[in-house]
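These notes concern the structure reproduced below.
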Amino acid sequence: MPFEMTWAEALPWVIAAAATVYLPGLVILAAARLPVLATLAAAPVVGVAVISGSALLADSAGSTWSWVWVAGVALAAAAPLGLFRHRRIRRTGGSRPDHRARRAAAQYLAGIAIAAIVLAPAVLDVMVSPEAFAQTYDNVFHLNATHLIVSTGEASPFGLGLLGVASFYPVGWYNWAALLMELTGISVTVAFQACTLVTIFGVWPIGLAWLAETCIRPGTFGRLVAGPLALSSVSFPFSLLDWGTLYSNLLGFALMPAVVAAGWEALGRRRPPQLSLAEAIGLLMATAAGAAFAHPNAALGAAVFLMPAAILAAWRALVPNGLAPDQPAGGTRQRLVRDSRPWTWAVIAGAVGFPVIWLTAAGSISDSRREAFLSVPRVLGEILLGTSLGKPLVATLSIGLVLGLVQLARRRELRIVLVTFALLSITYLATATFESHLATSFFAAPFYNDPYRASALVAVATIPIAILGWDWLTTSVYSWLTSSSHEREEATRVATTAERPRQRREALAAGGLAAALALLILPTPGWADTTARLRDTFTMDDESDVLTPDEYTLIVRLPQTTPSDTVIAADPWQGASLAFAFADRAVTQYYMRLIANENVALINESLNTAAHDPAVCDAIRAEGAEYALELEPHPIKSVREPPDNPGLEGLGEAEGFELVDSEGRSALYRITACE
């Protein structure tokens, strides 16, 4: 296998990937001085907003995008926030540090670190190498799109015309990887692997930690097990590396928890709130923008998550009589959302207008609908046990989810989360079981009617509920094991002096539980199935879908075998269009679904007859093609039927093609037929 870099050698690039996406957001959020966990969870979402927003600004100014634009936008956004915060502190005298919030953040981070230590070796093993890449259909587009940004400096969401995108396209992932490549000089494959690891082990679990702390407020045990549970789902994040590969949705759904947590704060669901209303609204807008740049359906998914809480808030504001569900008898209805009339009307407008936005999105997004493939009872069982798509269970997640659902039903103030979970689950149910295309589209078209995306969406709600379940179970057992009536009475008298030792003992016990849960994930059938799928996806061998070792070796030699300004006739269905991403050579067709014009269509159909067909030579001259790649006759697997492209076959036997380089059954030819 032609990969030489080790994971140890790639560690600096993983750190650089984290710095690239976190630092722009941290610069802004540090100026705002938000709580630690909120800052860490929101930083990558705001970072993506800054990175892609700066690309949009650069395009509007007619400028080439680079790290300078990113730094400029981050500093420009941080300056007024820092000034406002400074004046506020001088006026109010500031506020004392919230030690409980810092302790909670430390506990979440400790649990995530434990999970990473236990699970990262297995993940690195199945991702094969820092230079490996997903051998999947969509990855041809991802790799070429990122190289296009690096090579042209055109990083706008409207700048992927070369790949056949005529309108807005979510570029968050590509911009992040391209910025990393610009700053470090690493290859596109190493950049993708580094960004993937940061997303899986940083962005996703930290965002979930803030979501859990905002929505369900677990104790020490729940905070420490959040890390292992975040990485235990067969539905996300690993499923989107295997299916697609859907890098844009991988990043978007990983960013989604931070958007939901900010919205939860803005809607007044967290009591007492950690953020002021202005901070919550500002953070909601910034994180929603970042998620939308990663993928619009991630922002839409966050809106679906928040919709039950928003409808409840709007109901309380619009209906003058009656008792709110979580208020005691004799209480009065909360009329305003966080005591703000303008914000209340904004929430009402959002709750009323959301169906219009949903239906508009449903009508404008292309369909990847499959036939119904699971029964309703099977899908309902999967939803309740935290799995999907017929995959085996991860028992640790299933136990926590079942217990968490029971606790949601018992605790009145948390029942809104149960409603949210049910709402998100309908999306997956529709994609997996509905026979009616119209009915499926009504519930899931913004997610391409795709069960993989829909099940990943459900995972965003599943993990916090499982955290709640494990928190209830372990806290109850721990209390029963460590306390008696006499101890409880004694604790009441000496609470102050006993608090710190008790907290330390509880944290150690919770840390041990987190390590145990992480270790218990490894032998489960669900984890074995997940890792086996990933290994197949990232393994390069003679049966690989996109490129075999021979094909890859031939392509990466192109800088030595072809001029830098040449155009190569390439069949993307054989992976040949990756000559652009891997060797910086222009090709006639950059992506499987894009045939640029009639010239390219003619080349694909009849290139091997160029010596006897003047029309083919005219097409070759029009495209500027001087070389042709003929790779092994093995098309990339896809839900779409690949074309034959017979003109790009048999070039070695055809007249007018000079062999330049070869590797195994793959060869590079210079086109001499039209000279």
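Could you size up the charge dipole of the chain around its Cα centre, putting +1 on the beta carbon of Lys and Arg and -1 on that of Asp and Glu, and report it in debye to the nearest 20?
Once rounded to the nearest 20, the dipole reads 5840 debye.
What distance in nm lies between label points placed 7 Å from Cα along the C-beta direction at Ala79 and Ser340?
Once both label points are built, they end up 2.6 nm from each other.
Computed FRET efficiency, Cβ-Cβ of Leu183 and Thr561, R0 35 Å: what is it to the nearest 0.05?
Calculated transfer efficiency: 0.75.
Can you sort Tyr452, Tyr591, Tyr108 by 1.4 Å-probe accessible area, starting with the largest?
Tyr452, Tyr591, Tyr108
For region 88-230, report the accessible area per residue in Å² (1.4 Å probe, heavy atoms, rounded to an integer).
31 Å²
With a 1.4 Å probe and all protein chains kept in place, how much accessible area does Val477 have, in Å² rounded to the nearest 10?
Rounded to the nearest 10, that gives 70 Å².
For region 139-278, with only Lys/Arg (+1) and Asp/Glu (-1) charged at the beta-carbon, what is the dipole magnitude about the Cα centre, in debye rounded to 20?
560 debye
Give the residues of region 218-255 whose amide nitrogen is closer than 18 Å to a point set 7 Å from the Cα of Leu520 in the direction of its Cβ.
In region 218-255, the label zone of Leu520 (backbone N under 18 Å from the point 7 Å along Cα→Cβ) covers 219-234.
Ignoring everything but the protein chains, give the 1.4 Å probe accessible area of Thr609 in square angstrom, nearest 10.
Thr609 exposes around 60 Å² with every protein chain in place.
Ranking request for peptides 515-526, 48-59: highest mean number of other beta-carbon atoms within 10 Å first, then the rest in descending order.
Answer by packing, highest mean first, reads 48-59, 515-526.
Expressed in nm to one decimal, what extension gain is obtained for the pair Glu598 and His612 from 0.36 nm per residue of sequence separation less their Cα-Cα distance?
Length difference between fully extended and current span is 3.2 nm.
Order Val188, Val68 by their accessible area, 1.4 angstrom probe, all chains in place, largest first.
Val68, Val188
Place the peptides 632-641, 457-466, 147-156 in order of packing, highest mean first, counting for every residue the other Cβ atoms within 10 Å and averaging per peptide.
Ranked by mean Cβ neighbours within 10 Å, highest first: 457-466, 147-156, 632-641.
Quick one: how many Å² of Ser441 are accessible to a 1.4 Å probe, rounded to 10?
In the full protein context, Ser441 sits at about 20 Å².
In what sequence, largest accessible area first, do Leu267, Leu558, Leu393 appear using a 1.4 Å probe?
Correct descending sequence by accessible area is Leu393, Leu267, Leu558.
Mind giving me the FRET efficiency for Glu641 and Ala61? R0 is 41 Å, r the Cβ-Cβ distance, nearest 0.05 is fine.
0.40
Leaving out ligands, DNA and RNA, and with a 1.4 Å probe, what % of the accessible surface on region 395-438 is carbon or sulfur?
After summing per-atom areas, the C and S share lands at 69 percent.
Ranked highest first by the average count of other Cβ atoms within 10 Å around their residues, in what order do 172-179, 300-307 fall?
The densest-packed peptide leads the list: 172-179, 300-307.
Using a 1.4 Å probe over the heavy atoms of the protein chains, calculate the carbon and sulfur portion of the accessible area of region 537-675 as a whole percent.
That fraction is 44 percent.
Lys and Arg at +1, Asp and Glu at -1: add these up for the other residues within a Cβ distance under 13 Å of Ala155 and post the number.
-3
Note down, for region 249-298, the three equivalent ellipsoid semi-axes (square root of 5 times each alpha carbon gyration tensor eigenvalue), biggest first, whole angstrom.
For region 249-298, the ellipsoid semi-axes come out as 22, 10, 6 Å.
For region 146-201, which whole-number percentage of the solvent-accessible area (1.4 Å probe, protein heavy atoms only) is attributable to carbon and sulfur atoms?
So the carbon and sulfur contribution to the accessible surface is 60 percent.
Note down the magnitude of the dipole of region 554-673 about its Cα centre, charges +1 on Lys and Arg C-beta and -1 on Asp and Glu C-beta and zero elsewhere, to the nearest 20 debye.
Using only the charged Cβ atoms, the result is roughly 420 debye.
When ligands, DNA and RNA are left out and all protein chains stay put, how many square angstrom of accessible area per residue does region 373-488 have with a 1.4 Å probe?
40 Å²
Per residue, how much accessible surface does region 15-55 expose to a 1.4 Å probe? Answer in Å², no decimals.
Solvent-accessible surface per residue comes out at 24 Å².
Given R₀ = 25 Å, what would the calculated FRET efficiency be for Val356 paired with Ser167, taking r from the Cβ atoms and rounding to 0.05?
With a Förster radius of 25 Å, E is 0.80.
The values are calculated or read from the model by the stated rules, or taken from the named source; none is laboratory data. Small disclaimer: the values here were computed from a predicted structure and weren't measured. Note that we place each Cβ from the backbone using ideal geometry, even for glycine, and neighbour counts take in every protein chain shown. These area figures cover heavy atoms from the full protein model, side chains too; ligands, DNA and RNA do not enter into them. Shrake-Rupley method; radii C 1.70, N 1.55, O 1.52, S 1.80 Å.
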